[in-house]
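Data first, discussion second: the structure below is written as structure tokens.
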Amino acid sequence: MDPAKLPGFLAQRLVKAAIVVLAIVVCNFFLIHAAPGDPASVIAGQSGAADERFLQQLRTQFGLDQPLHVQLWIYVKGVLTLDLGFSHRQQMPVSTLIMDRLPATLLLTGAAFAFAITLGITLGTLAARRVGTWADSVITVLALTFYATPLFWVGLMLVLFFSVWLEWLPSFGMMSVGANLAGLALVLDVAKHLLLPALTLGLFYMAVYARLTRATMLEVADQDFVKTARAKGVPEGQVVRRHVLRNALLPVITFAGIQAGQLIGGSILVETVFAWPGIGRLAFEALLARDYPVLMGVFFATSVMVVLFNLLTDLLYAVVDPRVEVA
Amino acid sequence: MSISRRGLMAATAAAAGMGPTLMRVEDALAQGIQPRRGGTLTTILQPEPPVLQIGVNNQGPTLIAAGKIFQGLVKFSPTLEPLPELAESWTISPDALTYTFKLRNNVKFHDGTPMTADDVIFSIMKFHMEVAPRARAIFQRIDKAEAPDPHTVVLTLKAPFEPFLLMFDVTACAIVPKHLFDGQDYRTAPAVQRPIGTGPFRFAEWQRGNFIRLERFADYWKPGQPYLDAIIYRIVPDSQSRRLALETGQVLMTAAGDIEPFDTPALRARPNLEVLTTGWEYFSPLSWIETNHRVAPLGDVRVRQAISRAIDRNFIAQRLWFNIGKPATNPVASTTKFHDPSARIAGFDPRAAMQLLDAAGLRPNAQGVRATIKHLVLPYGEVWTRLAEYLRQSLRQVGIQLELESTDAGSWARRIGAWEYETSINFVYQFGDPTLGVERTYVSSNIQRVTFTNTGGYSNPRVDQLFAAARDGQTAEQRRVAFSEVQKILVEEVPQIWLMEMAFPTIHDKRVQNAVRLGTGVHASYDDVFLTA
């Protein structure tokens, strides 16, 4: 990669990214408002009693009595100044709601991501090097199993086994509430709560990485430059690391880029089953309650993440494979 | 109600200031259990409420958790007798127009300010009048609200209103601190985020999506109470996870809709758990097949009668709800006042249903289908989907094809409110008295494009008249006559097809004592709840 080209490349990509994000914001706005029902009718439905005046008061308070284009303009103006609006339903700024929930989600998805990548690539490499042996068969079958099993079922089975039968791990939540833990004890407590959901979320991606790594490594291992490396006497470990794995990693990076983009929004199911206080549930509940500003705020954060990770993926290609140029 | 009886009621109410508390401790002692100070009750709240300020938000979960933070002037026994809470006694004038409440004089809000008559009058006349539609409809009948001294509140009504006291439970009219709301927009005042009440527990911490923690309020007006140090409400969105949390002892109690009815038999079998279905008498939710009379053939009384006779309510109660709740017999639940047991809907009889459909001119076609009706499935959990499937099956037996439509809570509320449905399922709270919770579904003056009004569009001038007579009736006896007649008319005309007198299971570890003592069950203040070691 030519370092001189980097600033220009970045600037160009960032401008494009901003335009994409803005277009997404506008699309989201219309999509969300196209769903039947509005926050006022939801609240009326949940309260078990309402009258016209009550609905009118709520709609005025939520700004829903304004024409749609005015609402859009107010929202876009807000987003441009990084003001994501206010959730009238929960009486809190959207950015506070999101920032409160973001760390939990990042912890969960980050742990799952790290677990999936490390174990996936390791297992894939191992299988490729021992192709045809029992180790390869075990890894392939495991990977296929986790690839094909629905997430929620894996989650439920893990809970049944570790929480109900063995009683080793808690079945829900992020920490022991009211225990007033601090320091190492708190870290251990959170880790105990984190294990099952992170495993549940990570197993599918682990399977994907293992299968991908194995397949591409087998493909690369047959190529001429690998034979050349072996012929000139490069030790086997170095051949695998420098020549095979490095070249086999490109598709893995592509996929990791996609997974990383979903770090924020991709864990609704696991967050629900394990009562993990993350952002996926915030979005899901906002959808059910028609809490428009919160939902749009989460969509905005998610789209920014996706765009950023795409950019990062492109840069990583160039680092891993110098033949790829940024442009 | 005769004058002497009213006087007696006031006297017993005053005496009851000590009564219920003593009885409770006696009950406990009779079982060899001494109330024990300390411990934390961990339970579940679902779905997560948006705010914990009663009035600003009146959803079920809000009322359950905030019922520990706030209190009403009175509370209600399972038979709906008023018991003293913030009012230590009250009298009702012989003309039934003037209600005089004597307030306790040692009550403090959680910020240390004493609670006075000013706060009570502000709560009734300003706060709830402005924010809560149900309170507004009733409190508009108040002519004057006066405080002759800081611990007396005198409310004068424009006309007698017999069910008036039922509006002073915490779930209907929580007493809020005037100094934190007056002069502000009540919905956005800072106190909405940090609720301050007079209850035994004060708001401590809320990690959204995770838990709400309430702490013991040391300056609570009952000496030595509450017994618990804290109550923690965990937010657990998945019903199977909630069941697991209870089974593994990670929470000690579940309530309301936390546990699906079909999970209760397994939990009943566990020796450490107790399953209660009492504690919903004040609300007495009644479920029905909501029918839109504007859509043919549902406007035809014979068709509604046929649908009603084609369903086996015993099956629904036993096989879908596992005996949590019981079959409905008429529009007024048996736990609501003025229920007339002699007014009963006709029983399960598919043959009679088919004759009624024949009479209505709905003949079966080649496939045996007489009519096709759409049904909007109530999106409140698995059991409602099962109910819709059962209805489809049993109506098919008599030749009605039910087409199920799925939806989410937001769309459901909007479509019912906009009359854009053919049939659905609905259930509403009755609030102890048909005037408060039944009338709204059947009188033509309440045909509105708003959820939980007379959305079906039923209209019968005689029914309107009778509900009005019952509403304005000065004595309970006058009201009873009108309510009995209206129930007899309604069971003939089946404007809505009633299904179940609903209840919800309160399931708790046997160490939890006094979980359900009142007609409001888990909505009570919990100042008397304790954990045995």
For B:E405, residues with placed amide H under 5 Å, excluding near neighbours: B:H375, B:L376, B:V377
Among the DSSP beta bridges whose two residues both lie in the protein assembly as shown, what percent are antiparallel, rounded to the nearest 5? 80 percent
Show log10 I(q)/I(0) for segment A:92-156 at q = 0.15, 0.21 Å⁻¹, two decimals, from a solvent-free Debye sum over equal Cα scatterers. -0.65, -0.93
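Ignoring ligands, DNA and RNA, what percent of the 1.4 Å accessible area of segment A:104-291 is carbon and sulfur?
Carbon plus sulfur share of accessible area: 70 percent.
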So the angle from the long Cα axis of helix B:350-359 to the longest Cα principal axis of chain B, reported in degrees to the nearest 10, equals 60 degrees
Can you give me the Cα centroid spacing of segment B:136-161 and segment A:20-70 in angstrom? 36 Å
With labels modelled as points extended 7 Å from the Cα through the Cβ direction, what inter-label distance (nm, one decimal) is found for A:L218 paired with B:D95? 9.6 nm
Can you figure out the FRET efficiency of B:V481 with B:R396, using R₀ = 45 Å and their beta-carbon distance, to the nearest 0.05? 0.60
What ³J(HN,Hα) values, in whole Hz, does the Karplus curve 6.51 cos²θ - 1.76 cosθ + 1.60 give for segment A:193-199 when θ = phi - 60°, with x put for Gly and Pro? 6, 6, 3, 5, x, 5, 4
Simple SL model, points at 7 angstrom along Cα→Cβ for A:A114 and B:Q34; separation in nm is 5.1 nm
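Kirkwood hydrodynamic radius, computed over distinct alpha-carbon pairs, for segment B:389-468: how many Å, to one decimal?
Hydrodynamic radius (Kirkwood, Cα only) of segment B:389-468 equals 14.3 Å.
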Residue-averaged 222 nm ellipticity for chain A, from DSSP H runs of 4+ at -39500 (n - 2.57), nearest 500: -23500 deg cm²/dmol
Among the listed pairs B:K68/B:K158; B:K108/B:K158; B:K337/B:K510; B:K75/B:K488; B:K75/B:K337, those beyond 27 Å (Cα-Cα): B:K68/B:K158; B:K108/B:K158; B:K337/B:K510; B:K75/B:K488
Under Stokes-Einstein, with the Kirkwood radius over Cα pairs standing in for Rh, what whole-number D in µm²/s applies to chain A at 20 °C and 1.002 mPa s? 94 µm²/s
Length released on extending from A:V234 to A:Q66, taking residue separation times 0.36 nm less the Cα-Cα span: 53.3 nm
Cα centroid separation, segment A:119-181 to segment B:309-332 (Å): 44 Å
By how many nm would the segment from B:R294 to B:Q465 lengthen if fully extended, with 0.36 nm per residue of separation less the alpha-carbon distance? 59.3 nm
Roughly to the nearest percent, how much of the accessible area of chain B is carbon and sulfur, given a 1.4 Å probe? 51 percent
Fully extended, how many nm does the chain gain between B:S342 and B:A359 (0.36 nm per residue separation, minus their Cα-Cα distance)? 3.4 nm
Backbone N within segment A:93-130 under 20 Å of label point (7 Å from A:L188 Cα along the Cβ vector): none
Over the Cα atoms of segment A:104-291, Rg to Rh with Kirkwood Rh, two decimal places? 1.08
Quick one: 3J(HN,Hα) in Hz for segment B:448-465, Karplus 6.51/-1.76/1.60 with θ = phi - 60°, rounded, Gly and Pro as x. 9, 8, 9, 4, 6, 9, 7, 6, x, x, 5, 8, 8, x, 5, 5, 4, 4
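Efficiency by 1/(1 + (r/R0)^6): what FRET value for B:W419 and A:A23, r their Cβ-Cβ distance, R0 = 35 Å, to the nearest 0.05?
0.40
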On average, how much accessible surface per residue is there in segment B:419-533, in Å², for a 1.4 Å probe, leaving out ligands, DNA and RNA? 29 Å²
Got a sec? Which residues of segment B:128-169 lose 40 Å² or more of accessible surface with every protein chain in place, vs. that chain alone, 1.4 Å probe? B:P133, B:R136
Mind jotting down the distance between the C-alpha centroids of segment A:270-323 and segment B:477-514, whole Å? 47 Å
Under the definition of partner shielding as Cβ atoms of other protein chains within 10 Å of a residue Cβ, what is the mean value for peptide A:50-58? 5
Given B:247-253, B:269-275, the highest-first ranking by average Cβ count within 10 Å works out to B:247-253, B:269-275
Debye log10 I(q)/I(0) at q = 0.06, 0.09, 0.12 Å⁻¹ for chain B, Cα point scatterers: -0.30, -0.68, -1.19
Between B and A, accessible area buried - total, square angstrom, nearest 100, 1.4 angstrom probe: 3900 Å²
Any lysines with Cα under 26 Å of the A:K5 Cα? List them, leaving off those in the same chain fewer than 8 positions away. A:K16
Name the residues of segment B:222-259 whose accessible area falls by at least 50 Å² when all protein chains are present instead of the chain alone, probe 1.4 Å? B:R234, B:P237, B:L244, B:Q250
For chain B, find the longest principal axis of its Cα atoms and tell me its angle to the long axis of helix B:19-30, 0 to 90°, nearest 10. 90 degrees
Divide by every residue of chain B the summed helix terms, -39500 (n - 2.57) for each DSSP H run of at least 4, and state the resulting mean residue ellipticity at 222 nm, rounded to the nearest 500 deg cm²/dmol. -7500 deg cm²/dmol
What residues does segment A:89-126 have that are buried by at least 50 Å² of accessible area in the full protein assembly compared to the chain on its own, 1.4 angstrom probe? A:R89, A:Q90, A:Q91
Give the long-range amide H neighbours of A:F86: residues separated by 5 or more places, or on another chain, with amide H under 5 Å away, using H modelled in the peptide plane at 1.01 Å from N. A:V94
Take the eigenvalues of the Cα gyration tensor for segment B:24-127, scale each by 5, and report the square roots as semi-axes in whole Å, largest first. 27, 22, 16
Quote the accessible area belonging to B:R396 in square angstrom, nearest 10, computed with a 1.4 Å probe and with ligands, DNA and RNA left uncounted. 100 Å²
Could you tell me how many degrees, from 0 to 90 and to the nearest 10, lie between the Cα long axis of helix B:301-310 and the main elongation axis, the longest principal axis, of the Cα atoms of chain B? 80 degrees
Taking only protein heavy atoms and a 1.4 Å probe, what accessible area per residue, in Å², does segment A:137-178 have with all protein chains in place? 58 Å²
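The values are calculated or read from the model by the stated rules, or taken from the named source; none is laboratory data. Keep in mind that what you see is a predicted model, and the values were worked out from it rather than measured. With ideal geometry, Cβ positions are generated from the backbone for all residues, glycine too; neighbour counts draw on all protein chains shown. All accessible areas refer to the heavy atoms of the entire protein, side chains included, with ligands and DNA or RNA removed. Shrake-Rupley method; radii C 1.70, N 1.55, O 1.52, S 1.80 Å.
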